[in-house]
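Participant: Just passing along the structure, written as structure tokens.
The values are calculated or read from the model by the stated rules, or taken from the named source; none is laboratory data. The shown structure was predicted, so the numbers you read here are calculated from the model rather than taken from an experiment. Glycine gets a Cβ as well: all are built from the backbone with ideal geometry, and neighbour counts include every protein chain shown. Note: areas computed on protein heavy atoms with side chains; ligands, DNA, RNA excluded. Shrake-Rupley method; radii C 1.70, N 1.55, O 1.52, S 1.80 Å.
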Amino acid sequence: MKRETFIKLTLKGLGYVVLGNVLCLFMTMGLGMFGVNLFTKVVSISCGSLIFFLLIFTVAWKDGTRERSLIKLGRETAEKKRRWILIGMIMFVFAALPSAVLLLNKLYFPEQDLLIPYRLISGSAYPFVMAFIPPVTTESEAWVETSLRQIDNMSMIFPILMMVYYLLIPVATQFGYYIGFNDKLNKDKIMYGK
């Protein structure tokens, strides 16, 4: 057992971002069957955020426990303290890129509607899209052609708020590493105070 490379940990982190987006997408689509009301919106936002950030936390926590074991066994001499902040920033750029593209779409290319692919690519943002962007209504006349699109109802602040939401990724990764390295989730320590 040896320390994993920076590239390998970064790829694992990016994989967990993709997995979190896919799980949040399926969860939101599953909750969408029950209608779009306030309760569904609150449950989908809270569960989606919990799923996404716990996966982000988990990848760093596993590395923290591995790092603690390596130092305890004497295979490594010192820990790499701030590594997960940098990996978290790379994960943030990867996760926030669709939001930046959506912002550019709203500002400079209003004739394109990238909101539908955005919901599929950025699944952790899908509950927020459902809650904060009003859907297009055609007054129950499905046969009437309309030029209204959901992106026309979207505020320009929405992609910026999603980028701020994704800024919590470096915090979650560093916190996960800290908890894993300092063995804060050891059930024996919690139960018996050892």
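Participant: Roughly to the nearest percent, how much of the accessible area of the chain is carbon and sulfur, given a 1.4 Å probe?
Facilitator: 69 percent
Participant: Moving on to the next point. Taking 0.36 nm per intervening residue step and subtracting the Cα-Cα distance, what contour gain separates MET33 from LEU19 on full extension?
Facilitator: This chain segment gains 2.8 nm when fully extended.
Participant: On C-alpha positions alone, give me the angle between the axis of helix 168-181 and the longest principal axis of the chain, in degrees, nearest 10.
Facilitator: 20 degrees
Participant: For the chain, give the magnitude of the charge dipole about the Cα centre (Cβ charges: +1 Lys/Arg, -1 Asp/Glu; no others), in debye to the nearest 20.
Facilitator: 1560 debye
Participant: Okay, next question. Counting only heavy atoms of protein chains, what accessible area per residue, in Å², does the chain have with a probe of 1.4 Å?
Facilitator: Using a 1.4 Å probe on heavy atoms only, each residue of the chain averages 59 Å².
Participant: For the chain, what is the calculated [θ] at 222 nm in deg cm²/dmol (nearest 500), taking -39500 (n - 2.57) for each run of four or more DSSP H residues and dividing by its residue count?
Facilitator: My calculation for the chain gives -23000 deg cm²/dmol from helical runs alone.
Participant: Kindly sort ARG119, ARG75 by accessible area of their heavy atoms, largest first, with the probe set to 1.4 Å.
Facilitator: Descending accessible area places them as ARG75, ARG119.
Participant: With every protein chain left in place, what is the accessible area of VAL17 in Å² (1.4 Å probe, nearest 10)?
Facilitator: The accessible area comes out at roughly 0 Å².
Participant: Can you check what the Kirkwood hydrodynamic radius comes to for the range 1-60, Cα pairs only, in Å to one decimal?
Facilitator: Result for the range 1-60, one decimal place: 12.8 Å.
Participant: Going through the cross-link list LYS12/LYS72; LYS41/LYS62; LYS41/LYS80; LYS8/LYS106; LYS8/LYS41; LYS81/LYS106, which pairs have a Cα-Cα distance over 30 Å in this structure?
Facilitator: LYS41/LYS62; LYS41/LYS80; LYS8/LYS106; LYS8/LYS41; LYS81/LYS106
Participant: Here's another thing I want to ask about it. Roughly what angle does helix 38-73 make with the longest principal axis of the chain, taking Cα atoms, 0 to 90 degrees, to the nearest 10?
Facilitator: 20 degrees
Participant: Hey, if we sort LEU115, LEU185 by accessible area with the 1.4 Å probe, largest down, what's the order?
Facilitator: Sorted descending by solvent-accessible area, the residues read LEU185, LEU115.
Participant: Rg to Rh for the chain: what is it, with Cα atoms only and Rh by Kirkwood?
Facilitator: 1.09
Participant: Still on this structure, I have one more. Angle, helix 83-108 long axis vs. longest principal axis of the chain, Cα atoms, 0 to 90°, nearest 10?
Facilitator: The angle comes out at about 10 degrees.
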